[in-house]
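Here is the structure we will look at.
Any read-out appearing in this document is the output of simple, stated calculations on the displayed coordinates, not a laboratory observation. Here the structure is a predicted model, which is why all the values come from computation and not from measurement. Cβ coordinates were reconstructed from backbone atoms using ideal geometry, including for glycine residues, and neighbour counts include every protein chain displayed.
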Amino acid sequence: MKSTEKIESILTQQGLSDFKWINPKDIVVAQWVRVKCYYGCDEYGSGTCHPNTPSVEECEKFFKEYEKGIIIRLKKNADKSSYPFDWSMDMTNKLLAIERDIFLMGFPKVFLLNHTCCLCCKTCSGNRIECKNKMKSRPSPESFAVDVY
């Protein structure tokens with residue numbers, strides 16, 4: 001079985017069957033995304049968001065180091081006023097376990113961009129140095145300046 005088939009098997013075993021392989025070099029990284037974070041996001045300044053993330057240029061270089069990536073579609077109906085914190089944490093833990101499984105398959109560069117801003121802790125220290133959960137905290141695509149549109 002090829003490595004991509006093994007990874008797909010791990011995903012489907014975890015109930016994540018809506019995914020697509022991509023070339024990370026095709027990911028669009030843009031300064032405007034960072035500006036939108038700065039001027040429009042309540043999470044700005046948290047431990048896995050800017051200014052605690054690499055520069056836009058460094059993010060762009062990061063994606064160029066990869067040959068394959070996976071986008072996984074997650075679906076959860078939720079009202080904006082009642083964010084599904086428990087579901088989000090469960091999903092983050094599931095995705096981190098998958099990241100670990102892929103790492104143990106011999107892919108040391110595997111790196112999760114989380115579906116949301118890091119929510120590992122109820123209250124964030126606001127910086128990477130004082131983060132209480134460095135092993136589990138992962139940035140969102142937007143915090144890596146990814147144009148998700």
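Over the range 1-128, Cα pairs under 8 Å with separation of 6+ residues give a relative contact order of 35 percent. What FRET efficiency comes out for the pair Ser3/Asp90, r = Cβ-Cβ distance, R0 = 25 Å, nearest 0.05? The pair Ser3/Asp90 has a calculated efficiency of 0.40. Screening the chain for whole DSSP H helices of 24 Å or more along their axis (Cα) with average Kyte-Doolittle hydropathy at least 0.0 returns 85-104.
Computed from the Cα positions only, the extents of the range 62-149 along the three principal axes stand at 39, 31, 25 Å, in decreasing order.
For the range 1-111, how big is Rg over Rh, using alpha carbon atoms and the Kirkwood form of Rh? Value, to two decimals: 0.98. Summing charges over neighbours of Met91, with a neighbour being any other residue whose Cβ is under 11 Å away from its Cβ, gives +1 when K and R count +1 and D and E count -1.
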